[in-house]
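Read the structure below first, then the notes.
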Amino acid sequence: MVRGPYVGAETRMPSGLIFPGYMAGGFAFAVFCGDETVKFNLNMKREGQETEARLARHLGVLEEQIFPITYTIYDGWTAKYDRYW
């Protein structure tokens, strides 16, 4: 369960890839990758590892090229999420 507002954002990865995404409640974030929504939650560390590996395979990049993910919202405000496991 994720509480709080969902804020749409541009996501940028160290690999240079850019996707739409969102942040929710300050502890959850997601990347829209094709027809898949890849979700991360700071309270679910094991699932984060699995999700990072799945996203890297899907994108054809190394896991080290996923994080940190930088989110930029419409007014230019940014947030950076690094690995949390």
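Checking THR37, THR51 one by one, the residue that is of a type outside the set (Phe, Trp, Tyr) and either surrounded by fewer than 15 Cβ atoms within 10 Å (Cβ to Cβ) or touching a Lys or Arg at 6+ places or on another chain (Cβ under 6 Å) (or both) is THR37 and no other.
Checked against (1) modelled with pLDDT under 90; (2) loosely packed, with under 12 Cβ neighbours inside 10 Å; (3) at positive phi, GLY26 passes all but condition (2). Among the residues of segment 54-77, those that are more than 16 Å from SER15 (Cα to Cα), surrounded by fewer than 13 Cβ atoms within 10 Å (Cβ to Cβ) and not hydroxyl-bearing (Ser, Thr, Tyr) comprise ASP75, GLY76, TRP77.
Of all residues in segment 25-77, those satisfying the criterion of being without any contact (Cβ under 8 Å) to a residue 40 or more places away in the chain, under 14 Å from VAL7 (Cβ atoms), outside any strand (DSSP E or B) and not small (Gly, Ala, Ser) are PHE27, ASP75, TRP77. Restricting attention to segment 1-14, the residues that are part of a loop (DSSP other than H, G, I, E, B) and open to solvent by 40 Å² or more (accessible area, probe 1.4 Å) total 6.
Looking at the structure I just gave you, is ILE18 of a type outside the set (Ser, Thr, Tyr) and open to solvent by 40 Å² or more (accessible area, probe 1.4 Å)? Steps first, please.
Working: of a type outside the set (Ser, Thr, Tyr): yes; open to solvent by 40 Å² or more (accessible area, probe 1.4 Å): yes.
Criteria met by ILE18.
Among the residues examined, LYS80 does not qualify as in contact with a helix residue (DSSP H, G or I) (Cβ under 8 Å, 6 or more places away or on another chain), free of Cβ contacts under 8 Å to residues at least 40 places away in the same chain and open to solvent by 60 Å² or more (accessible area, probe 1.4 Å).
The values are calculated or read from the model by the stated rules, or taken from the named source; none is laboratory data. All figures in this text were calculated on a predicted structure; none of them were measured in a lab. Here the Cβ is made from the backbone with ideal geometry for all residues, glycine too, and neighbour counts use every protein chain on show. Note: accessible area is taken over every heavy atom of the protein model, side chains too, but ligands, DNA and RNA are not part of it. Shrake-Rupley method; radii C 1.70, N 1.55, O 1.52, S 1.80 Å.
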